[in-house]
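A.B. asks: Would you mind keeping the following structure in view while I ask a few things?
The values are calculated or read from the model by the stated rules, or taken from the named source; none is laboratory data. Just so it is clear, the model here is predicted, and its values are computed rather than measured. Every residue, glycine among them, receives a Cβ derived from its backbone with ideal geometry; neighbour counts consider all protein chains shown. Each accessible area value is taken on the protein alone, full model and side chains, heavy atoms only, with ligands, DNA and RNA left out. Shrake-Rupley method; radii C 1.70, N 1.55, O 1.52, S 1.80 Å.
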Amino acid sequence: MKLSLRSRIYLGILPLLLLFLGIMYFLVLDVKWLYRDTEEISYTKLALSRNLGDVQSTLYALEVLLDEGEGYLGRDRDRVSMRRLSVRIDQGAEKLKLSNIMQLKLQEFMQDDRSFNGNLQSIAELATHLSEGQGDPKALYALIKETNDAARQLRNTINESLMHIQAQIKKRVEILYAVVIGGMLIAIVLTLAISTILWRRIICPIEAISHGMEDFGSDSERLDIEYNENDELGKLARSLEGMTFRLKEYQELTNEKLIRSTSAIRSILDQSPDAFFIFSEELEPTYFSPSASHLYSQSTLKDQLPSEVRELLLKTIETNEPQLSKEMNDAIRISVAGEDKWYLVHAFPFDAPDSGDFSYQSTNAKPSIAVIFQEATLLKLSDSLRKNLLATVSHELKTPITSARISLYLLLEQQLGELNSDQIELVETARDDVNRQLSTIENLLDLSRVEENTNELDISEFAVCDLVAESIDAHHDVATAHDVSLSYAAPESSIILQADKEKLRIVLNNLVVNAIKYSGAGRTVEIRAFQHEDFCRVEVSDQGPGMDPETVNTIFDAYTRGDATGAVKGTGLGLKISKDIIDAHLGEIGCISKLDAGSTFFFELPLL
């Protein structure tokens, strides 16, 4: 059975682990034995030395007191001393019996340890008799002399035994050192052997894979790993070779697509009439399309960027979002070859392209800006002509239509003669048509004025509640005519705005009139004003039929109306005018609506 790579690694480490455990077990047992013997020797030596020393000192005292058996006088104080010494001898004998002489096996070196203890007991008995005035001092002295010699021999025997045990301990320590050093040498040899095996079986294949990957990373055609064993690493090497081969095919396919895409983009840029620039963060041009190169060389751009363009680029860098020019009012005038031309400028933040594809050279790694100058001179002139024509025609039509409206009202008042019912109906129809046409002309004139003066705001400070109250008063009659009630929820505290009050009046009036017309008889139009974060928000809600999402998305476009049936008359310009005014105030206007659930139009203006 073929072992896996993991199993081979475990089997390679197993001998080292077993050797380590064996050495540790041997060390633990030997250290335990050495500690026990050392403690036993220390305790035994201390106890024997102390007890034997006490016995010897007592024997020496008896020798002095007996004075070789001939100088003993037997006086009272001598008998008292003899009695005390006999007691000490008896106590010393008992202590020697309790000592660990047998544990050290000292009896092997003594001729008769029992005779030594017997001598001590005999000395104690004779000393006791002698203290009582009985016994032979010479016999006691001779016995003491013999016992003293035995005590010295016993001390020498104890020392020899202890030295013998110490020698055994030293030999055991040497064996311990030899085992440890031998184990270390065996471990080193095993480590080298296992390392060699692992190097051949694991490290070498990994190095081969690593070198192969490095060669492949340095634009090699294919990954070639010099390892042909049929183990896990061999299978990994074959898998990597197959994977890199597929990656190479995918890279070639991707590069081909990228080259085609890049060529198409360059072809578009080369043939596009719009000027395409790339600007650095320092607002220095770093790339020009052919049209951009022509514009740059023939215009004042090479001297200094217009302030509007500079502000647009700085805003793009600051927000990191595209800045698009959507209206003709955003067009910038640039002098080209001595002739004024108008351009819509669009700016996009982006990452720098490959230098090989665009001949692009950037001095830093900071974000760049792609800028498109879209010429709109003809559109600007056309838009200007349209506005002038619209204003002129509207102004010229307003006077005769107003006169016709007055005449129709005079006829309906029957001041020039009575009218029959058919005549009255015809005159009322004509009056309604004239009023509708006059309203359309007024809206067109308002749109023309707003488009011309979008950025010219007459800023003043006023309370929002005053603006709403004035609008409600102005439309009270219209609401009554449509059987609609107006409701206003005033904020808890007054909200002060700094804006163009007259233009905001146009916005609010448009929203209120639309809500009245679409609500239906017997309904209520709710007006709310409140502070929302750093904005003032005004909402106008009706109870009309509502709108679908598609209509909501286009409701602020010119000539778009929320009623597809045409039942409610209108021009579709009021909301477009309102949006232009709110945009000029840097605010936001929107609509929330749902079919059969009414609509809520709102606008938000920043609080300064």
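A.B. asks: Go through the range 269-317 and report how many residues are closer than 14 Å to residue 348 by Cβ and open to solvent by 80 Å² or more (accessible area, probe 1.4 Å).
C.D. replies: 1
A.B. asks: On to the next question. Could you figure out which of (1) surrounded by 15 or more Cβ atoms within 10 Å (Cβ to Cβ); (2) closer than 23 Å to residue 56 by Cβ; (3) small (Gly, Ala, Ser) isn't true of residue 208?
C.D. replies: Tallying (1) surrounded by 15 or more Cβ atoms within 10 Å (Cβ to Cβ); (2) closer than 23 Å to residue 56 by Cβ; (3) small (Gly, Ala, Ser), residue 208 fails exactly one: (2).
A.B. asks: Follow-up question, since we're still on this one. What's the total number of residues in the range 144-154 that are in contact (Cβ under 8 Å) with a residue 40 or more places away in the chain and in contact with a helix residue (DSSP H, G or I) (Cβ under 6 Å, 6 or more places away or on another chain)?
C.D. replies: Adding up the residues that qualify gives 4.
A.B. asks: With respect to residue 257, is the statement that it is exposed (fewer than 11 other Cβ atoms within 10 Å of the Cβ), at pLDDT 80 or above and not in a strand (DSSP E or B) true?
C.D. replies: Judged against the criteria, residue 257 is a match.
A.B. asks: Where residues in the range 295-314 are among the hydroxyl-bearing types (Ser, Thr, Tyr) and touching a residue at least 12 places away in the same chain (Cβ under 8 Å), which of them is nearest to residue 370 (Cα to Cα)?
C.D. replies: So the residue we want is 296.
A.B. asks: Another question, then. Select from the range 459-480 the residues that are over 13 Å from residue 528 (Cα atoms) and among the small types (Gly, Ala, Ser) and write down the one among them that is surrounded by the most Cβ atoms within 10 Å (Cβ to Cβ).
C.D. replies: Selected residue: 479.
A.B. asks: Okay, next question. Pairs please, first residue from the range 532-546 and assigned to a strand (DSSP E or B), second anywhere and at pLDDT 90 or above and of a type in the set (Lys, Arg), Cβ atoms under 6 Å, 6+ apart in sequence or on different chains.
C.D. replies: That search, which allows pairs on different chains as well, returns 539/528.
A.B. asks: Could you check the range 481-520 and list, in sequence order, the residues that are touching a helix residue (DSSP H, G or I) at 6+ places or on another chain (Cβ under 8 Å), open to solvent by 60 Å² or more (accessible area, probe 1.4 Å) and part of a strand (DSSP E or B)?
C.D. replies: Those that are touching a helix residue (DSSP H, G or I) at 6+ places or on another chain (Cβ under 8 Å), open to solvent by 60 Å² or more (accessible area, probe 1.4 Å) and part of a strand (DSSP E or B): 488, 496.
A.B. asks: Is at least one residue of the range 206-219 among the small types (Gly, Ala, Ser), closer than 30 Å to residue 15 by Cβ, part of a helix (DSSP H, G or I) and at pLDDT below 75?
C.D. replies: Yes: one or more hits.
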